[in-house]
Structure formats: structure tokens, C-alpha cells
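What follows is calculated from the coordinates using simple rules that are stated; it is not laboratory data. Treat the numbers as computed from the prediction; the structure is a model and nothing was measured. Every residue, glycine among them, receives a Cβ derived from its backbone with ideal geometry; neighbour counts consider all protein chains shown.
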């Protein structure tokens, strides 16, 4: 195995895991107190997919269906998501409500401001462009690979 790829995967995971914790600890915003990181991630995935089954959400979040069930129940109680019936009565899809979209927009804004501040102090424009180019390429590869 190419050790650079191994290191890249480890670094990506490190940024993902510790970055989320650091943002939550560092950003003083009521949104982070009201919603768990997993709930915010669920909203983000539902928003990205448009409509999604609980089973797919569980796969994307890497958790058991029961964890997603608890998460979505809380989000429904807060009226951030709703269940949409499809032509197939057995299939139920989750989608964001307007309130859910507003929470997600606020979360995205908070995160973007924090990351911008963090990067502006330590990352130059050329490095940001390189980062974007690599992640755009990875995103394209992942999408064409059926992820």
C-alpha cells in the first residue's frame, strides 16, 4: 500500500473527528447546545440527498437503524424533518422542513465562519485552491463510484 495514501486517510479522519470536537468546543452558539453533532450531520445528509430513507441515513452515518430512529424522532419532534409517503406505501422518505433548512443554513454559516477564521490565519490562498481541487476530484470519483 502507498504509505502516502494511508497517511492521507489517517489525516482526513483526524481532521474529521477532532475538527468536529474543536468546532463544538470553540464556537459559542446556542445551536451547538440544542443539537448534537450527529443530529446536525443527519440534517446535512438529508439536505444533501433531498429525500432519504432511514436505512440509507444509517448507512451514511455508519450507525445502526435504531440510532437513526432515535435521532430522526427528535428531529421530527422539533419539526426540522418530516416523513413523506411515496407511491410504495412501505417506503417512507425523510426530508427537511423549512425550519430544518434554516437550522442547517445557520449551522453551515457558523462552521464556515469558524473554518475561514482558522484557515485565514494559517493557510494561504494557493493552499486553499489545492485543497479544493483535490476534494472536488475526490467528490467526483466517489459519486461515480456509487457512494
Ranked output for segments 80-86, 52-58 by mean other Cβ atoms within 10 Å, highest leading, reads 52-58, 80-86
Final fewest-first order of 65, 44 on the 10 Å Cβ neighbour count is 65, 44
The rounded separation in angstrom of the Cα centers of the range 8-54 and the range 68-147 is 8
Highest mean packing first, using Cβ neighbours within 10 angstrom, the peptides 103-111, 131-139 sort as 103-111, 131-139
Rg from C-alpha atoms of the range 36-105, normalised by the globular rule of thumb 2.2 N^0.38 Å, equals 0.99
The Cα radius of gyration of the chain, divided by 2.2 N^0.38 Å with N its residue count, comes to 1.18
Under the helix-only model (-39500 (n - 2.57) for each DSSP H run of 4 or more, divided by the residues of the chain), the mean residue ellipticity at 222 nm, to 500 deg cm²/dmol, is -24000 deg cm²/dmol
Expressed in nanometres to one decimal, the distance between label points 7 Å along Cα→Cβ at residue 136 and residue 24 is 3.2
